[in-house]
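> One structure, as structure tokens, below. Some questions next.
The values are calculated or read from the model by the stated rules, or taken from the named source; none is laboratory data. What you see is a predicted model, and the numbers here were worked out from it, not measured in a lab. Glycine gets a Cβ as well: all are built from the backbone with ideal geometry, and neighbour counts include every protein chain shown.
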Amino acid sequence: MSMRENAPYEDWISEDGSLVEYEGHNQTKSLCDDPERTDQPRKNKSGSLTKNGKFEQEALKFKNYGIGPCKISIFNKVKDGIWTFCGVFSLIDVSYIQVGPRKVFRFKLQLAESNPQTHSVVDLRHDRMIPSEIQAAVFKRDQGRCVKCGSTENLHFDHILPYSKGGSSKKIENIQILCAKHNLSKGNRFV
């Protein structure tokens, strides 16, 4: 998903980071003249489901029959090639609505209680989620590098005053970029 200005889709995330509304994918340019004016597809030319169709199928299984819900890892695009992990969400609803000249999919997701890959609680309550505009400003300020060693590989956004100690995600001054090595070695200490 992307919350950046001029993002191609109208994605939305709640203030506390617990709900996401994700817009489906457009038809590819090779199959239509104007993807922005063409209904988002449910099926490919071959009849197989597109990603939209697969997401819709999973959301309807949960909504209509209580099967699931499907768990989805969500990443937010900060800038081209830079993505941040937002958490694991449950796909709970879908709608196919008219928006201007075309129909689009809107998928609703709710923050899951735990991450199925690690079985640990994913805690993204208010102030845990670093807003994309803060991430973009920090990325620019820190020049896309770890503030400790200058690495540009496997970067993390880090709370200088740890969230667990009351640090805010909404203040640029409290967020920095660290490489995985420096972020993971820091833990929740003041370093």
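> Which fully enclosed strands (runs of 3 or more DSSP E) of the stretch 5-100 have 2 or more residues being surrounded by fewer than 16 Cβ atoms within 10 Å (Cβ to Cβ)? Working first, answer last.
Numbers: elements: 19-23, 70-79, 82-99.
Where strands (runs of 3 or more DSSP E) fall fully within the stretch 5-100 and carry at least 2 residues being surrounded by fewer than 16 Cβ atoms within 10 Å (Cβ to Cβ), they are 70-79, 82-99.
> In the stretch 169-191, what count of residues is obtained for those that are surrounded by 15 or more Cβ atoms within 10 Å (Cβ to Cβ) and touching a residue at least 40 places away in the same chain (Cβ under 8 Å)?
Total satisfying the criteria: 2.
> Among 157, 139, which is the only one that is part of a strand (DSSP E or B) and in contact (Cβ under 8 Å) with a residue 60 or more places away in the chain?
Details: 139 fails: part of a strand (DSSP E or B).
When all the criteria are applied, what remains is 157.
> Right, here's the next one. For the stretch 31-65, which residues satisfy the criterion of being touching a residue at least 60 places away in the same chain (Cβ under 8 Å) and more than 13 Å from residue 94 (Cβ to Cβ)?
Once the filter is applied, which keeps residues that are touching a residue at least 60 places away in the same chain (Cβ under 8 Å) and more than 13 Å from residue 94 (Cβ to Cβ), the stretch 31-65 yields 36, 37, 38, 39.
> What are the residues in the stretch 13-59 that are charged (D, E, K, R) and touching a Leu at 6+ places or on another chain (Cβ under 9 Å), if any? Can you show your working first?
Restricting attention to the stretch 13-59, the residues satisfying the condition of being charged (D, E, K, R) are 15-16, 21, 23, 29, 33-34, 36-37, 39, 42-43, 45, 51, 54, 56, 58.
Within the stretch 13-59, 16, 21, 42, 43, 45, 56, 58 qualify.
> Does the stretch 17-39 include one or more residues that are at pLDDT below 85 and closer than 30 Å to residue 156 by Cβ?
Looking through the stretch 17-39, at least one residue is at pLDDT below 85 and closer than 30 Å to residue 156 by Cβ.
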